[in-house]
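Structure, as structure tokens:
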Amino acid sequence: MIEAIIFAITIVLPNLALMGLGFFMQRRGQASQSFIDQSSNFVFNYCLPCLLFFSVADSNVDYAKQITLIGVGILVTFTLFIGAEIYAKYFISKPADQGVFVQGIFRSNMAIIGLATVYNAYGDAGLSIGAVYMGVVTILFNILAVITLSRVSKKVGDTWGSRIIMVFKKLSTNPLILALLAAFAYKALGLPPITGVIHVTGDLLAAVALPLALICAGASIDLKSMLRLSGLSMQASIGRIIVAPLMAIAIGLAFDLSGVHMGVLFLMVASPAAAASYVMAKAMGGNDVLAANILAFTTVVGMFGMAFGAAILRALGLM
């Protein structure tokens, strides 16, 4: 059990340390909102795509063997989505709250917290598997988010057709998805390995991705929002921190996942609420204050939940 606890601390503590640095910089006035916004855009548009592309292009992972993991991830996402929708229908009265609540439960921060923790746990091999998982499930996240947030809209004349077009635009211009598709095509065509200046430059950008993203996540933490939890935001946070990981473990065990596959599934699903959930809720007329509260609370508390769950799974020999 001691070894399992050390493993859990090892994979979570570096992330918490970098987030703590970001929070410290923000409190000292060394990380302004402009810095956070510009750095986040830089990471999202350039660094993370390089990280994902080269992690897949350089790997020797047999992606055909990841079909079960991806299928389980899709099933977990749909189960959480449907369960949260049923709960919202019967226990949440305001349409502006319902979609935000549902999104807060099924949508996790895979691109930053999830990938960083998977890398800490399993290195490059785990990162490659996590990147493929993230690419597929991210598409599903965006589609389901639009569906659940479509209860309300600030735009007059907004229709299902316009929402579908919006989803396709988001997916077709998402740099993370484009990077993964390019990497899959590169592998499928059997092209020679990328070397020289291009690879070195890509490696340098990739090395920046996760540390800078975690610093920005820490600098974005609003303690007032985190501590100003309503009953509804607490319910959603419990769903994200406790219910979602337990659901992932149960379904993963039902499909005989273990080792790195169970580890990737758990760490991706157990990650805090996605930062994109706040942006999308605000854009589509949802309760953005509720989204911010869920995001802040799960970002901090969820990391400890990930460590606890990882220690238990490690002790049981499941990851």
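The values are calculated or read from the model by the stated rules, or taken from the named source; none is laboratory data. Computed from a predicted structure; not experimentally measured. Virtual Cβ from ideal backbone geometry, glycine too; neighbours counted across all protein chains shown. The protein model used for the area step is the full one, side chains on, heavy atoms only, and it has no ligands, DNA or RNA in it. Shrake-Rupley method; radii C 1.70, N 1.55, O 1.52, S 1.80 Å.
Condition check: surrounded by fewer than 24 Cβ atoms within 10 Å (Cβ to Cβ) and β-branched (Val, Ile, Thr). Does Ile294 satisfy that? So Ile294 does not fit the description; no.
The residues listed here are Ile74, Ile67; of these, the one that is in a helix (DSSP H, G or I), free of Cβ contacts under 8 Å to residues at least 60 places away in the same chain and either out of contact with any Asp or Glu (no Cβ under 6 Å at 6 or more places or on another chain) or closer than 22 Å to Pro193 by Cβ (or both) is Ile67. On the stretch given as the range 179-194, residues that are over 19 Å from Leu48 (Cα atoms) and β-branched (Val, Ile, Thr) total 0. Quick check on the range 245-268. Is at least one of its residues closer than 14 Å to Gln103 by Cα and either free of Cβ contacts under 8 Å to residues at least 24 places away in the same chain or part of a helix (DSSP H, G or I) (or both)? Scanning the range 245-268, I find no residue that is closer than 14 Å to Gln103 by Cα and either free of Cβ contacts under 8 Å to residues at least 24 places away in the same chain or part of a helix (DSSP H, G or I) (or both), so the answer is no. For the range 153-176, the candidate set comprises residues that are open to solvent by less than 70 Å² (accessible area, probe 1.4 Å) and either touching a Lys or Arg at 6+ places or on another chain (Cβ under 6 Å) or closer than 20 Å to Ser108 by Cα (or both); within that set, the residue that is modelled with the highest pLDDT is Pro175.
Residues in the range 115-152 that are farther than 30 Å from Pro211 by Cβ and open to solvent by 50 Å² or more (accessible area, probe 1.4 Å) were compared, and the one that is modelled with the lowest pLDDT is Arg151.
Residues that are under 19 Å from Thr298 (Cβ atoms) and touching a Lys or Arg at 6+ places or on another chain (Cβ under 9 Å) within the range 89-110 comprise Gln98, Gly99, Gly104, Ile105, Phe106, Arg107, Ser108, listed in sequence order. If you go through the range 179-196 and keep only what is part of a helix (DSSP H, G or I) and open to solvent by 80 Å² or more (accessible area, probe 1.4 Å), you end up with Leu181, Ala188. The C-beta contact set for the range 4-26 (first residue part of a helix (DSSP H, G or I), second residue of a type in the set (Lys, Arg), distance under 7 angstrom, 6+ apart or interchain) comprises Ala4/Arg314; Phe7/Arg314; Ala8/Arg314. Residues that are farther than 18 Å from Phe141 by Cα and modelled with pLDDT of 80 or more were ranked within the range 280-291; the one that is least open to solvent (accessible area, probe 1.4 Å) is Leu290. Val56 passes every criterion in (1) among the β-branched types (Val, Ile, Thr); (2) closer than 12 Å to Ala206 by Cβ; (3) open to solvent by 70 Å² or more (accessible area, probe 1.4 Å) apart from (3).
Filtered by the rule that a residue be under 24 Å from Ala125 (Cβ atoms), β-branched (Val, Ile, Thr) and modelled with pLDDT of 95 or more, the range 69-90 gives Val72, Ile74, Val76, Thr77.
Condition check ((1) under 23 Å from Leu21 (Cβ atoms); (2) open to solvent by 10 Å² or more (accessible area, probe 1.4 Å)) across all residues:
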| position | (1), (2) |
| --- | --- |
| Leu212 | yes, yes |
| Asp222 | yes, yes |
| Ile238 | no, yes |
| Val243 | no, yes |
| Met247 | no, yes |
| Gly252 | no, no |
| Phe266 | no, no |
| Ser271 | yes, no |
| Tyr278 | yes, yes |
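Just one of the listed residues (Ser277, Ser225, Ser237) is at pLDDT below 90, assigned to a helix (DSSP H, G or I) and within 18 Å of Ile92 (Cβ to Cβ), and it is Ser277. Go through (1) closer than 21 Å to Ala185 by Cα; (2) open to solvent by less than 20 Å² (accessible area, probe 1.4 Å) and name the single condition Gly73 misses. The single condition Gly73 does not satisfy is (1).
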